[in-house]
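Student: Structure provided below as structure tokens; questions to follow.
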Amino acid sequence: MTEPIVAESTMDDSIAAQIERAVAGWEGVTVNLHRFGGIEFRVGRRELGHLHGNRLADLPFPVRVREELVRAGRAEPHHIHAESGWVSYYIRDATDVPAVIDLFRLNYDRPWADAARRHALR
């Protein structure tokens, strides 16, 4: 009996890798190591947010936006700085990937991001 042939994937399909592929593909976005572990996404000097492995995403927003996101159940107050504009999203499994990408996109599409993208592309 022969062993089945299993194709090896050349791409990491972890939750973090799926999110990274999506967010890093947007114009002007760079990916760097985050100072507290994981990876961060930036447009110019502005951080869009960061991932702590496959289980936690943290993103900065104005407090008003954070309040709306928490009220709508789209995120939780930041796990350490709950009174700031930062939000945390606890990733349970791969079904949460679209929701996390949507939060990064919401931050990417904010008006300051347009100016930062234009500056980063110079």
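Student: Does the range 7-70 come out rounded, prolate or oblate by the C-alpha gyration tensor, with a ≥ b ≥ c the root eigenvalues, rounded set by a/c under 1.5 and, if not, prolate when a/b is larger than b/c and oblate if not?
Tutor: prolate
Student: Hey, another quick one. What are the ³J(HN,Hα) couplings of the range 18-24, residue after residue, when phi is run through the Karplus curve with 6.51, -1.76, 1.60 and θ = phi - 60°? Round to Hz, x for glycine and proline.
Tutor: Once rounded to whole Hz, the list reads 4, 5, 4, 4, 5, 5, 5.
Student: Now, a different point. If I stretch the segment between Asp102 and Glu68 completely, what's the gain in nm (0.36 nm per residue apart, minus their alpha carbon distance), one decimal?
Tutor: 10.8 nm
Laboratory data are not the source of any read-out in this text; all were calculated from the coordinates shown. What you see is a predicted model; the values in this text were computed from it and never measured.
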